[in-house]
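The values are calculated or read from the model by the stated rules, or taken from the named source; none is laboratory data. Please read all numbers here as calculations on a predicted model, not as lab measurements. Virtual Cβ from ideal backbone geometry, glycine too; neighbours counted across all protein chains shown. Calculation scope for accessible area: heavy atoms of the full protein, side chains included, ligands and nucleic acids excluded. Shrake-Rupley method; radii C 1.70, N 1.55, O 1.52, S 1.80 Å.
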Amino acid sequence: MASRLEILNEGGFRSDGRRQYELRGIDIDLSQQGHADGSAIITHGLTQVLVSVFGPREAKMRSHTIHDRANINVEVAIAAFSTGDRRKRSRGDKRILEFAATIKSTFEPVVQTNLYPRSQIDIFVQVLQQDGGLLQACINATTLALINAGIPMVDFVCAVTGGVHSTFPMLDLTLLEENDVPNVTIAVMPKTQRISMVTMETRLHVERFEEVFRLATDAGLVVHQEMKRAISPIEEQ
Amino acid sequence: MASTSISKAEKSYIQAGLLADPPLRADGRALSDFRTVSLETGIAPLANGSARLSIGKNPHDGSGGTEVLAAVKVEVENIDYAGGSGVEGGRVACTVTCSPAAYPHLRSEALDDLQYDMTTVLHETLSHSSLHPQNLAILRGKKSWLLNLDLVILADSGNAYDAIFMAAKAALWDTKVPRTRSVEYKAKKTGPTASVAVGGGGSMDVDEDTVSGFDTRQITHATDFELPDYWDEGEVLDGRHRWPVCITLNLVPPAHLLDATTSEEAAIPLRLLIMFSFESKESPSIQGMRMLGSGELTTAQLADLIKVGEKYAQEINSSLNVKLKDEDLRRNQKARERFAQR
């Protein structure tokens with residue numbers, strides 16, 4: 001129905017009115033959900049993800065325990081009503097399993113699992129609404145939920161998406177932009193500025209990559225500030 | 001049935017408490033007291049209708065409780081051709097998903113079984129023809145609406161069945177089906193046939209066989225439909241007063257219990273679910289009934305339970321209706337205020 005939307009117009013505005021390097025509004029809710037040991041709901045613009053963490057606790061299956069560290073189990077569920085078109089995705093969907101594996105491998109080096117041998121840490125991700133930046137939101141919410149659960153980690157993990165429209169780099173892409181523009185998701189650990197995860201499924205020219213990579217790393221530090229602000233009232237109590 | 005494991009001693013302690021005089025429950029409630037139910041509609045802006053319902057959530061920190069999210073999305077289905085699965089007059093399909101966060105002690109196979117059971121109970125009850133809304137048709141014989149109702153159980157502290165039926169009713173109440181208008185494609189009349197119809201020399205104006213714009217008769221050979229107003233959310237679902245409420249009666253003969261918590265559910269082996277529909281106060285109907293767990297009932301006991309269940313369901317239904325009207329008002333009010341501030 002709408003006429004062709006411009007990803008970035010001459011005035012420097014994107015299709016949702018943001019500037020080139022502007023992130024969407026971040027809303028963090030750390031109130032307890034159900035009986036979870038730690039939980040967090042993060043909203044990046046219109047993307048909303050709820051993560052519940054259980055653990056460290058006794059593993060449900062003995063075969064999944066590791067003798068010298070905790071086993072991290074990630075399960076992702078995407079609500080059928082989360083997108084504009086309803087799409088029911090079963091739990092065993094390959095895309096979802098890959099998603100969960102990405103989150104697991106992002107947090108495995110960060111969570112201090114050696115402190116809890118033979119136990120299990122369950123991370124349950126529930127996607128409530130999607131408008132681009134899904135992996136970014138899931139990783140940020142998982143970081144907050146793990147902190148809320150009191151599970152020791154080496155550092156925060158802050159994720160941001162970045163993309164390039166012709167030669168202009170952009171940050172925190174919406175669904176419209178993700179479908180149109182090459183994009184990369186990175187997860188950065190702010191203290192050391194080390195990258196914990198990079199994924200890209202589109203094609204991007206090598207010369208463009210470095211610029212957007214650096215920008216996304218800086219944006220990750222901004223997300224870190226937001227997270228610290230959200231958890232600090234808890235520390236003060 | 002989802003339950004945490006409970007020791008024999010605790011089981012008999014809970015049962016003894018319920019059979020005592022006066023009956024005692026762990027949180028001090030009476031046998032027919034419900035925990036606080038909170039409801040909010042319109043929580044999923046992308047859906048045609050949505051609601052979030054929680055029972056027994058702690059008001060101070062939002063922990064615990066049974067929490068269910070429900071959302072309705074409508075989509076167009078082809079009825080006859082192109083392998084369409086549509087049915088004349090539209091159809092309703094319900095799905096329940098249990099989040100592993102709600103049942104942290106269950107393995108994924110057990111979780112799948114549980115969500116299948118709940119889906120079946122909900123779907124069989126709600127998709128019945130007696131509850132079918134009349135405004136799900138688009139083009140007779142060609143296209144109709146498929147109404148997808150999806151529920152997610154985010155937390156379970158007992159009484160999940162009552163929660164899912166209430167959440168389903170709330171989401172269906174909130175649902176708006178887009179208004180459609182049938183469209184007929186007509187080829188343009190040009191060439192020799194047109195001049196023959198005019199007849200004669202050409203100076204006389206002859207009425208051609210065209211359909212007047214004021215003709216409001218049904219276009220019987222409509223081939224497609226359009227949305228007359230793209231931004232209009234649509235009309236409410238027909239018969240939204242009919243959607244049933246479920247009442248779960250946990251049975252400890254001779255007593256029965258409403259709104260059981262997780263440990264009470266684990267201690268009470270037998271439950272009776274009755275779904276009541278109150279189209280009007282005078283004519284309640286039973287839309288479904290399920291006996292879950294192991295145990296037996298005499299027919300006299302069953303008749304008594306149905307009678308008393310109807311009273312409970314009546315109360316739940318009227319408070320639910322009041323709250324839903326309240327929610328409509330609140331959201332319209334908010335929209336009006338925002339508009340006024342522009």
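What is the angle, in °, between the Cα long axis of helix B:108-126 and the longest principal axis of the Cα atoms in chain B? Nearest 10 is fine, range 0 to 90. The helix B:108-126 is inclined about 60 degrees to chain B. Share of carbon and sulfur in the accessible area of segment B:1-78 stands at 51%, probe radius 1.4 Å.
If you plug the beta carbon distance of A:THR192 and A:LYS60 into 1/(1 + (r/R0)^6) with R0 = 25 Å, you get a FRET efficiency near 0.15.
Considering every pair of different Cα atoms, what Kirkwood radius, in Å, is found for segment B:254-332?
Across segment B:254-332, the inverse of the average 1/r is 14.6 Å.
When B and A come together, around 2500 square angstrom of accessible surface is lost from both chains combined, probe 1.4 Å. Just check segment A:168-237 against the gyration tensor rule for me: Cα atoms, a ≥ b ≥ c as the square roots of the eigenvalues, rounded for a/c under 1.5, and otherwise prolate or oblate depending on whether a/b exceeds b/c. In terms of gyration-tensor shape, prolate.
Between B:LEU270 and B:LEU251, the built amide H atoms are under 5 Å apart, and every one of these is 5 or more places off in sequence or on another chain. For segment A:73-229, with all protein chains in place and a probe radius of 1.4 Å, 50% of the accessible heavy-atom surface sits on carbon or sulfur. Using a Gaussian network model of chain A in which every pair of alpha carbons under 10 angstrom is joined by a spring, one finds that among A:LEU146, A:LEU128, A:LEU173 the greatest mean-square fluctuation is at A:LEU128.
In the full protein context, the protein assembly as shown carries 51 Å² of accessible surface per residue, based on a 1.4 Å probe and ignoring ligands, DNA and RNA. Normalised by the number of residues in segment B:14-72, the average gap of Cα pairs under 8 Å and 6 or more apart makes the relative contact order 23 percent.
According to the calculation over all Cα-Cα pairs in segment A:70-118, the P(r) per 5 Å bin from zero is 5, 20, 21, 18, 13, 11, 7, 4, 1 %. For segment B:87-169, the relative contact order is 49 percent, taking Cα pairs closer than 8 Å that sit 6 or more residues apart in sequence and dividing their mean separation by the residue count.
Rg/Rh for segment A:39-167 (Cα atoms only, Rh after Kirkwood) is 1.00. Annotation for B:HIS128 and B:SER12: the two label points, set 7 Å from Cα along the Cα-Cβ direction, are 4.1 nm apart.
Once you divide the Cα radius of gyration of segment B:1-53 by 2.2 N^0.38 Å, the number left is 1.80. In segment B:119-168, the residues that give up 50 Å² or more of accessible area when the other protein chains are added, compared with the chain on its own (1.4 Å probe), are B:ASP150. Segment A:55-88: which residues show an accessible-area loss of 40 Å² or more, assembly versus chain alone, 1.4 Å probe? Buried on complex formation: A:LYS60, A:PHE81, A:ARG86, A:LYS88. Sorted largest first, the principal axis extents computed over the alpha-carbon atoms of chain B equal 105, 52, 44 Å. Taking 12 Å as the cut-off, no amide N atom of segment B:127-149 comes nearer than this to a point 7 Å along the Cα-to-beta-carbon line of B:LYS186. Using Cα springs under 10 Å in a Gaussian network model of chain A, which residue among A:VAL157, A:VAL222, A:VAL53 shows the largest mean-square fluctuation? Checking each option, the largest mean-square fluctuation is seen for A:VAL222.
Solvent-accessible area assigned to carbon and sulfur over segment B:224-299 amounts to 51 percent, based on a 1.4 Å probe.
Close amide H contacts of A:ARG194 (hydrogens built in the peptide plane, cut-off under 5 Å, sequence separation of 5 or more or a different chain): A:MET189.
Rg and Dmax of the protein assembly as shown, based on Cα coordinates, read 28.2, 105 Å.
Counting only residues at least eight positions apart within a chain, or on another chain, the aspartates and glutamates with an alpha carbon under 15 Å from that of A:LYS228 are A:ASP27, A:ASP29, A:ASP155, A:GLU236.
Of A:ILE186, A:ILE139, A:ILE96, the residue with the greatest mean-square motion in the GNM of chain A, using alpha carbon springs below 10 Å, is A:ILE96. Look at the alpha carbon pairs under 8 Å that are at least 6 residues apart: their mean separation over the length of chain A gives a relative contact order of 20 percent.
Using the 2.2 N^0.38 Å rule of thumb for compact globular proteins, work out how chain A stacks up: its C-alpha Rg over that value, please.
Expressed relative to 2.2 N^0.38 Å, the Cα Rg reads 1.03.
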